[in-house]
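First comes the structure, then the notes that go with it.
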């Protein structure tokens, strides 16, 4: 096996991936010095399969450490670079945020993954995602960010998902001003704009 230990930090990710874009938002919010490497998800490089046999994206290399799975990477970056904080500090709030991240990841993000990559007939999944997001309008309305007065890891996970919805024909912004306003707050952040790969830039629209 090739030696991939590095002197710094490297993020290896596809050029179109909600999980990878979420991670890049965290990196940019914290202004972490890092090398970004992109690849075509349909043709992952051989070296990536040595590092990450299941090709789960993204892959983070930090010297001798190799991590994959978005929530593990985001929490690692939060602890490694604690400022600015993107998670609550007290144990109860931190645990609650972890539960929300798991729900967003397992429910909404997984539905979007199915629509994008795994469904021959995506309409039922589109309907489920639309209905689920609209049922959560009170959560989007409650505070400036998702259940928080400050920007958190949860928002990093939601922003790439919301960005892709209009061009997929998922009309939540037409049906909810609260979700639309929340999305616009996320899309206006420099970290969101900087997190978009050239391919991802074409998947959404800043003029909602």
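Residues in the range 85-101 that are in contact with a helix residue (DSSP H, G or I) (Cβ under 7 Å, 6 or more places away or on another chain), modelled with pLDDT under 95 and part of a loop (DSSP other than H, G, I, E, B): 87, 88. Considering 192, 140, the condition of being in contact with a helix residue (DSSP H, G or I) (Cβ under 7 Å, 6 or more places away or on another chain), within 23 Å of residue 73 (Cα to Cα) and either crowded, with 16+ Cβ neighbours inside 10 Å or touching a residue at least 12 places away in the same chain (Cβ under 8 Å) (or both) is satisfied by 192 alone.
For the range 78-115, a tally of residues being farther than 30 Å from residue 172 by Cα and in contact with a strand residue (DSSP E or B) (Cβ under 9 Å, 6 or more places away or on another chain) returns 1.
In this structure, is residue 67 in contact with a strand residue (DSSP E or B) (Cβ under 6 Å, 6 or more places away or on another chain), within 30 Å of residue 47 (Cα to Cα) and modelled with pLDDT of 90 or more? Against the criterion (in contact with a strand residue (DSSP E or B) (Cβ under 6 Å, 6 or more places away or on another chain), within 30 Å of residue 47 (Cα to Cα) and modelled with pLDDT of 90 or more), residue 67 qualifies.
State yes or no: is residue 114 surrounded by 15 or more Cβ atoms within 10 Å (Cβ to Cβ), free of Cβ contacts under 8 Å to residues at least 24 places away in the same chain and over 15 Å from the mean Cα position of the chain (by Cα)? Against the criterion (surrounded by 15 or more Cβ atoms within 10 Å (Cβ to Cβ), free of Cβ contacts under 8 Å to residues at least 24 places away in the same chain and over 15 Å from the mean Cα position of the chain (by Cα)), residue 114 qualifies.
Listed by first and then second residue, the pairs linking a residue in the range 48-60 that is at positive phi to a residue that is surrounded by fewer than 23 Cβ atoms within 10 Å (Cβ to Cβ) and outside any strand (DSSP E or B), with Cβ atoms under 7 Å apart and 6 or more places separating them unless they lie on different chains, are 55/44; 55/48; 55/49.
Identification of helices (runs of 4 or more DSSP H) wholly contained in the range 146-208 with 1 or more residues that are on the phi < 0 side of the Ramachandran plot and within 14 Å of the chain's Cα centre (by Cα) yields 153-164, 177-187, 190-195, 198-201.
The values are calculated or read from the model by the stated rules, or taken from the named source; none is laboratory data. Computed from a predicted model, the values in this text were never measured in an experiment. Virtual Cβ from ideal backbone geometry, glycine too; neighbours counted across all protein chains shown.
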